Amino acid sequence: MKRICVLPGDGIGPEVIESAVRVLRSVTDELEFKYAHIGLGEFERTGYPITDETIQQMKGADSCLFGAVTSSTDEEYKSPVLRFRKELDLFANVRPIRSLLPLLGKPYMDLIIVRENTEGMYTQDEAVDLDGVTTFRRVSRHACERIVRFAFDRSQSWKKRRICCVHKANVLRKSDGLFLEIFREISKDFQGDIETSEQLVDSAAMSLVTDPSRFEVIVTLNLYGDILSDVAAGMVGGLGFAPSGNIGTAHSVFEPCHGSAPDISGKGIANPTAAILASAMMLRHLGMVRESDSMQKAVQSAYSSANLTMDIGGTKDSEAFTDSVIDAIMEE
């Protein structure tokens, strides 16, 4: 029995996570779900967007399933996502992007973006002076080495033969230059097994739109990966189709890439696809490969059978789409 810490969060988070939990329950009875609080609602209730108790509950679980949080302009509100990534040392962010249905004018896409998840611009280290703000960007050899090696190792297990290092070393010669140097060093250990390439981040963004087939795995730094993964998600239907995994040596958190979308919260129309696929990623991470494959095939079957969600012009609300995925699982 695997223990899962479930963090529904704010907005549509509870809605899509409930869909994911329903699908998980349909595919296995080997999961124990323990719920915890996170986000703006928790901040308003306790003064903390995530409590020490919740962090400990996350650390004690085999994995975590997270929905979304609403941010706040209150200076006392600190990002709970950045906190749990740091405290659980979730150094790798993995975002698979795959077309589930043909979209007019958009090429087929099937790639994985591996992003360093702890440093870069997201250290939130900023200094204010009379003329403006200076943001300090951290790129360490340790963080670069482990994210690049993670990307190479996982590429082999994903049966991906090509990996591209995306950077801006032509301008940021020291920081991105270090990342690129380490990529080249580690790539020597995989010669003959994995084909490597390098591309500037602005050029890579264009390639994702014009010729995504050139990519199988992208490894990149924090901010670049955050932006590129949203660009890629837009090419396959939007963030409602984009799952994500935050992975460390000892802990893991899986989530949809989208935000809390308060404008549609409570209407029952949020697309649960990303949350369902994120939970399938979680199962695979836990070694439940057959169950993970079953969920992924069921999602694909639902879309292939014209069960289209409202965000792409269909008629299926959250519950109806989830029902169609569960039906596909039951029919296997």
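The values are calculated or read from the model by the stated rules, or taken from the named source; none is laboratory data. Not measured: the values here are computed from a predicted model. We place every Cβ from the backbone using ideal geometry, glycine too, and count neighbours over all the protein chains shown.
Looking only at the stretch 127-145, filter to residues that are in contact with a helix residue (DSSP H, G or I) (Cβ under 7 Å, 6 or more places away or on another chain) and in a loop (DSSP other than H, G, I, E, B); which one of those is surrounded by the fewest Cβ atoms within 10 Å (Cβ to Cβ)?
Among those residues, the one meeting the criterion is 136.
Is it fair to say residue 238 is out of contact with any Asp or Glu (no Cβ under 8 Å at 6 or more places or on another chain) and touching a residue at least 24 places away in the same chain (Cβ under 8 Å)?
Considered against the rule, which asks whether it is out of contact with any Asp or Glu (no Cβ under 8 Å at 6 or more places or on another chain) and touching a residue at least 24 places away in the same chain (Cβ under 8 Å), residue 238 comes out as no.
List the strands (runs of 3 or more DSSP E) inside the stretch 1-114, counting only whole elements, that have at least 1 residues being of a type in the set (A, V, I, L, M) and touching an Asp or Glu at 6+ places or on another chain (Cβ under 8 Å).
In the stretch 1-114, 2-9, 63-68, 92-98 are the strands (runs of 3 or more DSSP E) which contain 1 or more residues that are of a type in the set (A, V, I, L, M) and touching an Asp or Glu at 6+ places or on another chain (Cβ under 8 Å).
Of the residues 78, 86, which is of a type outside the set (S, T, N, Q), in the same structural domain as residue 284 (by TED's automatic domain parsing) and under 16 Å from the mean Cα position of the chain (by Cα)?
Just a single option satisfies the conditions, and that option is 86.
Select from the stretch 27-53 the residues that are in contact with a strand residue (DSSP E or B) (Cβ under 9 Å, 6 or more places away or on another chain) and of a type in the set (D, E, K, R) and list them in ascending order.
The answer is 30, 32, 34, 42.
Does the stretch 223-245 hold any residues that are assigned to a helix (DSSP H, G or I), over 12 Å from the mean Cα position of the chain (by Cα) and not hydrophobic (A, V, I, L, M, F, W, C), and which are they?
Across the stretch 223-245, the qualifying residues are 224, 234.
Those residues that are among the hydrophobic types (A, V, I, L, M, F, W, C) and under 18 Å from the mean Cα position of the chain (by Cα), I need them from the stretch 122-151; list them, please.
147, 148, 150, 151
Within the stretch 40-53, is even one residue surrounded by 15 or more Cβ atoms within 10 Å (Cβ to Cβ), of a type in the set (Gly, Ala, Ser) and under 21 Å from the mean Cα position of the chain (by Cα)?
There is no residue in the stretch 40-53 that is surrounded by 15 or more Cβ atoms within 10 Å (Cβ to Cβ), of a type in the set (Gly, Ala, Ser) and under 21 Å from the mean Cα position of the chain (by Cα).
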